[in-house]
1. Under the Karplus relation 6.51 cos²θ - 1.76 cosθ + 1.60, θ = phi - 60°, what is the ordered set of whole-Hz ³J(HN,Hα) values for segment A:16-30, x standing for Gly and Pro?
2. Using the alpha-carbon atoms, what tilt in degrees (0 to 90, nearest 10) does helix B:99-120 show relative to the longest principal axis of chain B?
3. What is the fewest-to-most order of B:Val159, B:Val216 by other Cβ atoms lying within 10 Å of their Cβ?
4. What FRET efficiency comes out for B:Leu217 versus B:His184 if R0 is 51 angstrom and r is the Cβ-Cβ distance? Round to the nearest 0.05.
5. Okay, helix-only estimate at 222 nm for chain A: each DSSP H run of n ≥ 4 adds -39500 (n - 2.57), divide by all residues, round to 500 deg cm²/dmol; what do you get?
6. What is the helix-to-structure angle for B:42-59, meaning the angle in degrees between its Cα long axis and the longest Cα principal axis of chain B, kept from 0 to 90 and rounded to the nearest 10?
7. Considering all projection directions equally, how large on average is the shadow of the alpha-carbon convex hull of segment B:29-72, in square nanometres?
8. Tell me, in nm to one decimal, what length is gained between B:Thr120 and B:Ser176 on full extension, where the rule is 0.36 nm per residue of separation less the Cα-Cα distance?
Amino acid sequence: MAGKEVSIAAKALRDVKLGELGAWFGSRDMSPKGIISAICRGRDRYLNKYIYVKKGGIGGIAMILTGYVALSYVWEYDHIKHDRWRKYH
Amino acid sequence: MALNFFDQFMTPIYMGIPLITLATLMPRLTFLQPTSQWTTSRFSTLQSQLLNSSTYQLFAPLSPKSHHWALLIVSLMIFLITINLLGLLPYTFTPTTQLSFNMAFALPAWLATVIIGLRTQPTHAFAHLLPESTPPLLIPILIIIETISLLIRPLALGVRLTANLTAGHLLIQLISTAMFTMIHTIPLMAMLTGTLLLLLSILEIAVAMIQAYVFVLLLSLYLQENM
């Protein structure tokens, strides 16, 4: 569908070309209120897609838990890396 | 080194934020809000059923005046259960293994019940310090003992939760270390240890839920005494 010119600020991230990424980033609302509203929107999108459905499976909550485990691992990597090849635990 | 087994109870700091912050904020993500849907999803129904039944269980023996505490007590219970269960996942941190964390819940809540009791019905509150039909000779000693047991309640609440969770996590780490070490030398023993580890993990899941429930049940009992 050719023709309609949309401003960069109104585009969703998946429609932004790679070269326009900087301009798109600059046009977004980066105040604390904007960031928090973006996080809330993201959370609502995730919940509406995976959790608030009639027959939700284990996948929705499993993704949250896996993300939490991965984030915890990244958080304590500097602490854990000494355990790898230690001879006596 | 022996110190290594207690390293799991430390909070590493990454980019200036300790891990306990993430572990404390994470349960909020697992709580579902009521939606405007008429027929709610599976998870929402499950959550609301569990909350309703546990609220009923906790508050049925309490007087209607104490039902104001329902929000505080049930939210505390669901928070503790979620924290305890999330702590059983690999690489995660369990804030309830820290005594300071648990005392911050136990002490103010217990103190509130005591102050409410002393303000609204002081005679009744003091009457709890002496069980009925005690022999007269024992009365002085028993009052001292009951006062001590009253004052030690917050410490008992906090330490019970801390000790149960810390001991469980330590046992899991010890047994898994043993199994890891033995698997090359004595595979049969390692398999038996693995079975033990499986049973222990099931026990830990149960303990995680039971300890949070007991914490909250005791608080509701102290409330029942005083209100």
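Values in this text are rule-based calculations from the coordinates and carry no lab data. Bear in mind that the values here come from a model prediction, so they are computed numbers and not experimental data. Ideal geometry is used to build each Cβ from the backbone, glycine not excepted, and the neighbour counts take in all protein chains shown.
1. With the stated coefficients, segment A:16-30 comes to 7, 6, 4, x, 8, 4, x, 5, 5, 4, x, 8, 7, 7, 9 Hz.
2. 10 degrees
3. B:Val159, B:Val216
4. Efficiency at R0 = 51 Å is approximately 0.65.
5. Numbers: 4 runs with 47 residues, N = 89.
Result for chain A: -16500 deg cm²/dmol, rounded to the nearest 500.
6. 40 degrees
7. 4.0 nm²
8. Result for the pair: 14.9 nm of gain on full extension.
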